[in-house]
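K.L.:
Below are the structure tokens for one structure; questions will follow.
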């Protein structure tokens, strides 16, 4: 991804994330975990159509694996602090199941074609701040496909 495209993507992320969302109240670790689960579940849902983005999701996770693993470890520590060691496992399981169920019927405002573009573009984004900003927008109950259409 060229510097110009990265700058454009980050500018669009920051403009789109100006509206407060429930995602903005989450820790960065939770945002990244939820973003990953959303892309995984919607990717599975879209895998049988023309806009299958399994390869794009695999590239996203491959590129961001260190950040996703660090977020998962941080989230585990956060949950252990709040719920104790045994409670943390249950809390993380509940979070994962709740997210998977929320996106089992699809994303509330992005279709498979747009999600494919999002996954492809997010694989080119660098830095947790940019990923967290994207999560703020993508995890919102409503929004615009503008972010998904940043690059055609």
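K.L.:
Looking for something under 12 Å from the mean Cα position of the chain (by Cα), in a helix (DSSP H, G or I) and free of Cβ contacts under 8 Å to residues at least 60 places away in the same chain - is there at least one such residue anywhere in segment 80-99?
P.N.:
no
K.L.:
Name every residue in segment 24-51 that is within 12 Å of residue 138 (Cβ to Cβ) and without any contact (Cβ under 8 Å) to a residue 60 or more places away in the chain, in order of residue number.
P.N.:
36
K.L.:
Then there is this: In segment 100-117, how many residues are in contact with a helix residue (DSSP H, G or I) (Cβ under 7 Å, 6 or more places away or on another chain), buried (at least 19 other Cβ atoms within 10 Å of the Cβ) and in a helix (DSSP H, G or I)?
P.N.:
4
K.L.:
Next question. So, residue 77, is that one assigned to a helix (DSSP H, G or I) and either touching a strand residue (DSSP E or B) at 6+ places or on another chain (Cβ under 6 Å) or touching a residue at least 60 places away in the same chain (Cβ under 8 Å) (or both) or not?
P.N.:
When the stated conditions are applied, residue 77 does not pass them.
K.L.:
I've got another one for you. Anything in segment 15-40 that is over 24 Å from residue 78 (Cα atoms) and at pLDDT 95 or above? List them, or say none.
P.N.:
Correct list: empty.
The values are calculated or read from the model by the stated rules, or taken from the named source; none is laboratory data. Please read all numbers here as calculations on a predicted model, not as lab measurements. Neighbour counts run over all protein chains shown; Cβ positions are idealised from the backbone, glycine included.
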